[in-house]
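Report on the following structure.
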Amino acid sequence: MMRETLGLAQAWVARAVGVTTLTVVHWEDPREFALPRREAWDLVEGMWAEADRRAAAFVDMASKAVAMARENGVEPEPVMLSYWRSFEDHDVAHRDEDVVIAGFHLGRRGMMRVENAACRMAVDRLHALGVPLTVMYAEVEA
């Protein structure tokens with residue numbers, strides 16, 4: 001579930017931890033008894049924790065801004081969240097980033113997946129809190 005929520009393909013996880021895609025398929029098959037490598041758990045849990053941390057920070061900021069607006073008698077504008085449409089756009093915006101989670105260099109593609117998962121998590125939480133929101137694709141300047 002975490003792998004899918006993060007938007008990680010089985011092949012991507014397999015390459016990251018040095019196994020075949022079929023091995024990852026077996027790890028996820030409820031009819032198989034194949035424990036995943038610790039590295040795979042660490043990678044996916046680390047990415048999940050980072051997405052959760054980013055979503056929580058955004059929800060906290062957005063909730064406070066909406067509460068402040070309402071305390072001042074103003075109906076807040078919808079909170080805007082950005083979602084990356086393509087690896088190419090994300091690469092342009094994050095040229096120099098090298099994020100390491102659980103000892104793995106995620107690269108920009110891994111970070112795009114974390115950022116998009118954080119956006120999806122934040123949307124769920126803000127919606128549950130009744131915070132008006134909108135999601136749009138992130139735009140990069142050429």
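Quick look at the values:
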{"read-out": "Residue, farthest from Gly130 (Cα to Cα), within the stretch 65-111, restricted to residues that are of a type in the set (Lys, Arg) and outside any helix (DSSP H, G or I)", "value": "Arg95"}
{"read-out": "The listed residue being loosely packed, with under 14 Cβ neighbours inside 10 Å and at pLDDT 90 or above, out of Ala69, Ala117", "value": "Ala69"}
{"read-out": "First in the stretch 28-46 and more than 16 Å from Gly18 (Cβ to Cβ) and surrounded by fewer than 10 Cβ atoms within 10 Å (Cβ to Cβ), second anywhere and of a type in the set (D, E, K, R) and modelled with pLDDT under 95, Cβ under 8 Å, 6 or more apart", "value": "none"}
{"read-out": "Failed item, numbered, when Phe87 is tested on (1) free of Cβ contacts under 8 Å to residues at least 60 places away in the same chain; (2) buried (at least 16 other Cβ atoms within 10 Å of the Cβ)", "value": "(2)"}
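The values are calculated or read from the model by the stated rules, or taken from the named source; none is laboratory data. From a predicted model like this one, the values you see are computed outputs, not experimental measurements. Please note: Cβ atoms are built from the backbone with ideal geometry, for glycine as well, and neighbour counts cover all protein chains shown.
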